[in-house]
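The values are calculated or read from the model by the stated rules, or taken from the named source; none is laboratory data. This one's a predicted model, so the numbers in the text were calculated from it and none came from an experiment. FYI the Cβ positions are ideal-geometry reconstructions off the backbone, even for glycines, and counts take in every protein chain you see. Just the protein is used for accessible areas: all its heavy atoms, side chains included, with ligands, DNA and RNA removed. Shrake-Rupley method; radii C 1.70, N 1.55, O 1.52, S 1.80 Å.
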Number of protein chains: 4
Amino acid sequence: MSYNTFGHMFRVTTWGESHGPAIGCVVDGCPPRLALSEEDIQPFLDRRRPGQSSFTTQRREPDEVRICSGVFEGLSTGTPISLVIENTDQRSKDYGEIAQTFRPGHADLAYQTKYGIRDYRGGGRSSARETAMRVAAGAIARRVLGDGVKIRGALVQIGQHEVDRSRWDWSEVERNPFFAPDPGIVPIWEEYLSGIRKAGSSVGAVVEIVAEGVQPGLGAPIYGKLDADLAAALMSINAVKAVEIGDGFATAAYTGPENADALRMQDGHPVFETNHAGGILGGISTGQPIVARFAVKPTSSMLIPVPSVSLSGEEVQVVTKGRHDPCVGIRAVPVGEAMLACVLADHLLRHRGQVGSL
Amino acid sequence: MSYNTFGHMFRVTTWGESHGPAIGCVVDGCPPRLALSEEDIQPFLDRRRPGQSSFTTQRREPDEVRICSGVFEGLSTGTPISLVIENTDQRSKDYGEIAQTFRPGHADLAYQTKYGIRDYRGGGRSSARETAMRVAAGAIARRVLGDGVKIRGALVQIGQHEVDRSRWDWSEVERNPFFAPDPGIVPIWEEYLSGIRKAGSSVGAVVEIVAEGVQPGLGAPIYGKLDADLAAALMSINAVKAVEIGDGFATAAYTGPENADALRMQDGHPVFETNHAGGILGGISTGQPIVARFAVKPTSSMLIPVPSVSLSGEEVQVVTKGRHDPCVGIRAVPVGEAMLACVLADHLLRHRGQVGSL
Amino acid sequence: MSYNTFGHMFRVTTWGESHGPAIGCVVDGCPPRLALSEEDIQPFLDRRRPGQSSFTTQRREPDEVRICSGVFEGLSTGTPISLVIENTDQRSKDYGEIAQTFRPGHADLAYQTKYGIRDYRGGGRSSARETAMRVAAGAIARRVLGDGVKIRGALVQIGQHEVDRSRWDWSEVERNPFFAPDPGIVPIWEEYLSGIRKAGSSVGAVVEIVAEGVQPGLGAPIYGKLDADLAAALMSINAVKAVEIGDGFATAAYTGPENADALRMQDGHPVFETNHAGGILGGISTGQPIVARFAVKPTSSMLIPVPSVSLSGEEVQVVTKGRHDPCVGIRAVPVGEAMLACVLADHLLRHRGQVGSL
Amino acid sequence: MSYNTFGHMFRVTTWGESHGPAIGCVVDGCPPRLALSEEDIQPFLDRRRPGQSSFTTQRREPDEVRICSGVFEGLSTGTPISLVIENTDQRSKDYGEIAQTFRPGHADLAYQTKYGIRDYRGGGRSSARETAMRVAAGAIARRVLGDGVKIRGALVQIGQHEVDRSRWDWSEVERNPFFAPDPGIVPIWEEYLSGIRKAGSSVGAVVEIVAEGVQPGLGAPIYGKLDADLAAALMSINAVKAVEIGDGFATAAYTGPENADALRMQDGHPVFETNHAGGILGGISTGQPIVARFAVKPTSSMLIPVPSVSLSGEEVQVVTKGRHDPCVGIRAVPVGEAMLACVLADHLLRHRGQVGSL
């Protein structure tokens, strides 16, 4: 079963609610003797941390991670690694109103219907706050993968404004508050998103993540395909509604010759001429860069009223006054990277288990 | 682990290669006392069967399913249900050539790299022949869901030719060889696909699947979300490169108010005004129709030569002479329906386990 | 996979080392709306707590449990329940010596060989301290089972001294420091165990656990049999070397008629005349009391020297000076009860998932 | 979940009923490129086959296994291996009576209560016929373990008659119909069991299994301990009521010094002086022989009448006229070996996955 656990050999179990005392995760199955400390994890959490610009929620959380087990004298021991982050800025009063009403587009009603109860404070378990632990686990996953694997993400679309791929520059990603790989789009997004924020609205986005240096052979057909697990991993991120690998939906319009990534020999090894497949064929990594994109819908928490219903069955207009992200897709970039890292680490161990050393 | 098993409470394990003696599956966890016989499964297999028009592979397989266990006197017993289909039309001679070369865009090379061996006959394990067992398992899953749940699929795009949604008519789907819901697109696709076939080429497609009558509350956040499991299920189908739920990628361009499905009261129950969410919020079904789409890339087996390499490291031009589907997306329609049925059946049992009767 | 997770629908993941900052567990899959607070868990932890008599380790731990998630306004929410206990009395200096040597009979060498590293402080992950979290999880499992199920345990043997079953009285169990159900054995055990303790030695024991009021039908043949899962659960407790259900090893000497629990009708229901089967037939609960016993070997930490080797490959005499339990089997009583509760809760949910309400 | 699946990386799923058309299993996760054919599996099935002496059931089954997938040109491919055995000697008429009554000590009533239906022919799913597939899977597991690991089993007790361990000779095991390692016990067992058979009765037994050459480090604490998984594996065998590792229940009477397996250096490696632990410490293999024993209760199918009830609620005397094993423990020897092989193969792959090559 996999309610709150992700992965098989490299397993991540997360827990915690937005406004509970703390959030945390347990990473089980990590190989022993990997150098690991809080300093290896914190930088990734800092990239995702809220409140760093006017374009993300103003919740102020240091998100300071603490390793509570599984590491001894700076090395992983092979036993479960427990990570905990205390919640410090809950401000429960902001959220009092949502106890009685359901935000359209939000998980409020779905949780209430399923469980007959919900922790409504800040979205409870369905809050994107949970993604902090994905990022923390992803940092450990990167250690498992080693320095030869480079995992990066970028925002490629906000609303209807897409990046110009001809200007793609990975080094730009860390230089603007949007993780934009195209410096030309930054002022456009700034102006557009300021308007969205001032209007009390929100907007969707598309994130692209890429893993380079992944060895061929990862992925376990038929139902443990690398792309199937990656699709689940990305779709499980809050607000994600679509996932594609390589050229994705565009391949529906391709003919066979347009789609086929031709092969040739180079230095005694087969290499691909193109990468329409996004580095995965038959559910198995090919050695090419793994490329995936996912769509993040706009936050349902906003100041613009939407017709809704209350817990007691009355029709109401819902307005969410609390802090929120005008474009939650921005902070989804490090989360997407982390999920890709976790999927790859899991498949690395699974492949090594079945097939042996690499 | 889930190499060749799908699901948790309703578990499907498939086995078999394209040109082995047989293919089969084991369905474990099926509730007892469901009426079940081969006659309940065969019609779904017949819809997927190859060779029914000039637009699918000419392989002639009766695909006759046999229940070997788990059913007694016409009722499921709660023990594992074993289904077997004998392979009758393998014609291995057609595929001799591919033993030595790798089809670009195909899983050939990936399997060889991963395992150091592959059954190259007809694609071996990576053949879409495996999907027959998904369809068979899906027929059992429909029994678990009961008559109140209606699962249907349609082809909505071939190459660049999309259906006109204003003409959508579910009753048309069974009246043409494409599962097209729009009678107006049928002659266009016929002409287009005849050209593709005559040119020895292939083309991609988009499939849409819908489940109506699904109770609210199915789906287990965070890592057993209904949409995450559905994304994995659909992405695991051969040649699928993209999955979206509800409005999917389009939501990236939406603002919050455009995306929010407003709620109102009707007969004492909350109802949604729209269904941008595709029936799933926070990973949990809302009671609205569940809507998903997936892109199927063009088959890599075709008569048009593509540059490739051989097992011995030579550069070659690969041409696949065997029978193949010019648009493998057509036969993916019943497969997509089956995977949706399996995911829902699994989540129905998982929900009942945790939360109790519904 | 199940490295540090136990159960399927009711899933317990534990983490933590003997001398780390804290230990904890995550209980996932708990049904919603169960009344739950620290007060429901603490009494069970108190029964297992060390330092309550001269017959258990003198480590002083309040073992105060804190619920960090999954409970809202006194009710479970269906989301993961995180429990944490801070370690307060580590006294690492006691254990310095064992960093360099391996205690015969202990997991020291096995961990070192497997992982190439170990947290040697107090046994690290292999310490029986981990069982505190089993007891905490078991308290939640009891809530899932409800008041109709009564789970109790008793110590039935220390060294060669067995209880007299003709004097069995459950109410005695809480009146002596041994969980003995036979008041007549208490002075015998006191004298015997005082001698063991003064000699710096240790001794084994047998624990019996019983669950009454368990509904028939729990257990999922073939590989999810109730007794198979129970055997794994009990064997996974530190120092356990044997498990038996019902009459266990004695049945090897029985003839068929001696073993068969005859049936008769009573008030319209079939009842059993005897319970040699220990409440489980074919891996499924029969409605009779579930009875299991397990053997706990003597602690390997003791003051009597044993020939061993050091990390650097020298032959040494190992003496363990730290605090330890002269008969670790005593504190295994509440642990055994907890594991039985967890197994039953898991199977209750699994059964309800497959077969429906009961 | 693990209803009818055993293992994690090396996964065995079995299916089939005693009197259905066939039984089978799917072995998933097998490493690729292992030499494998029916000839590697059949000899193990032949050892377990019924009807080979007057001391086992007279059902005549050739038990001829057929590999239906996962092997290509004599080598495993890494894809699921499907094994099928046709049932040829069902003789359903023998079992007509048991449709209406419940054999005391048998799973009949438990299945009926759990599922509300049962295939009563020959015990249906609960028949020991299922163990044929365990033996088949075990043969593949031995291939995974390689020739360096030797797994053997023997019968050590029938009724109250135990072997004399001072006369233990492994080569005797294949020379008598009991798998007895002690030639002196054979005439005693022959006479005793002939009496049991003639009386229409049955009797219990104890089986001992040993694996030599197992590398240290296998086993994944805490909840994937090698002995915990082995306990589940053995307890899941039909009619097994008890399991012990190493000295098992006897350790309850040991003091610490009696239990500790002292260590010394030999050729630069630590070696143990004794093996009370049965080759497992802390849930991890130590490199010593792994030793386990399990008790098999007497068959509940016998000619001696026992008071019971009928499906319609009447009190009856049950007599089972069909063919049966007077001592089902005999044929449990190869089954126990197979389960040990499967557990070790699974843990070998799991260990390799987490920790790397060995």
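In this label model, A:ARG167 and A:GLU97 are separated by 3.9 nm, measuring between points 7 Å along each Cα→Cβ vector.
Of all chain D residues, the one whose Cβ lies closest to the rotation axis that maps D onto A, given with that distance rounded to whole Å, is D:GLY353, 1. In this assembly of identical copies, the label point of C:GLU38 (Cα plus 7 Å along Cα-to-Cβ) is separated from its counterparts by 2.3, 6.4, 6.7 nm, sorted shortest first.
Take C:VAL271, push a point 7 Å out from Cα through the beta-carbon direction, and compare it with the same point in every other copy: 5.5, 6.1, 8.2 nm, smallest first. Computing FRET efficiency as 1/(1 + (r/R0)^6) for C:SER54 and C:SER310, where r is the C-beta to C-beta distance and R0 is 30 Å, gives about 0.40. Between copies, the label points of D:ARG66, set 7 Å from Cα on the Cα→Cβ line, lie 0.7, 6.3, 6.3 nm apart, reported in increasing order to one decimal in nanometres. For segment B:225-242, a decrease in accessible area of 30 Å² or greater in the assembled protein chains relative to the isolated chain, with a 1.4 Å probe, applies to B:LYS225, B:ASP227, B:ALA228, B:ALA231, B:ALA232, B:MET235, B:SER236, B:LYS241, B:ALA242. Its DSSP H runs of at least 4 residues, each contributing -39,500 (n - 2.57), put the calculated 222 nm mean residue ellipticity of the protein assembly as shown at -7500 deg cm²/dmol, to the nearest 500. Residues of segment A:161-177 with an amide N closer than 16 Å to a point placed 7 Å from the Cα of A:LYS150 along the Cα-to-Cβ direction: A:168-175. The mean accessible area for residues of segment B:165-223, using a 1.4 Å probe and ignoring ligands and nucleic acids, is 38 Å² per residue. A straight Cα-to-Cα reach below 20 Å connects C:LYS114 with the lysines D:LYS225, residues fewer than 8 places away in its own chain not being considered. When only Cα pairs below 8 angstrom with a gap of at least 6 residues are kept, segment D:83-210 shows a relative contact order of 20 percent. Remark: segment C:41-146 projects, on average over all directions, an area of 9.0 nm² (convex hull of Cα atoms).
Chains B and D together bury some 3500 Å² of accessible area, summed over both sides, with a 1.4 Å probe.
Backbone geometry of segment B:161-172 corresponds, through the Karplus equation with coefficients 6.51, -1.76 and 1.60 at θ = phi - 60°, to 3J(HN,Hα) couplings of 9, 9, 6, 8, 5, 6, 9, 4, 9, 4, 5, 6 Hz, x marking Gly and Pro.
Probe radius 1.4 Å, ligands and nucleic acids ignored: give me the carbon and sulfur share of the accessible area of segment D:199-354 as a rounded percent. Roughly 54 percent of what the probe reaches on segment D:199-354 is carbon or sulfur.
The lysines within cross-link reach of B:LYS198, meaning a Cα-to-Cα straight distance under 21 Å and a gap of 8 or more places when in the same chain, are B:LYS297, B:LYS321. Highest mobility in the GNM of chain D, judged by mean-square fluctuation with C-alpha springs under 10 Å and restricted to D:VAL328, D:VAL316, D:VAL210, is found for D:VAL316. Give me the percent of accessible area attributable to carbon and sulfur for segment B:96-192, probe 1.4 angstrom. That share works out to 45 percent.
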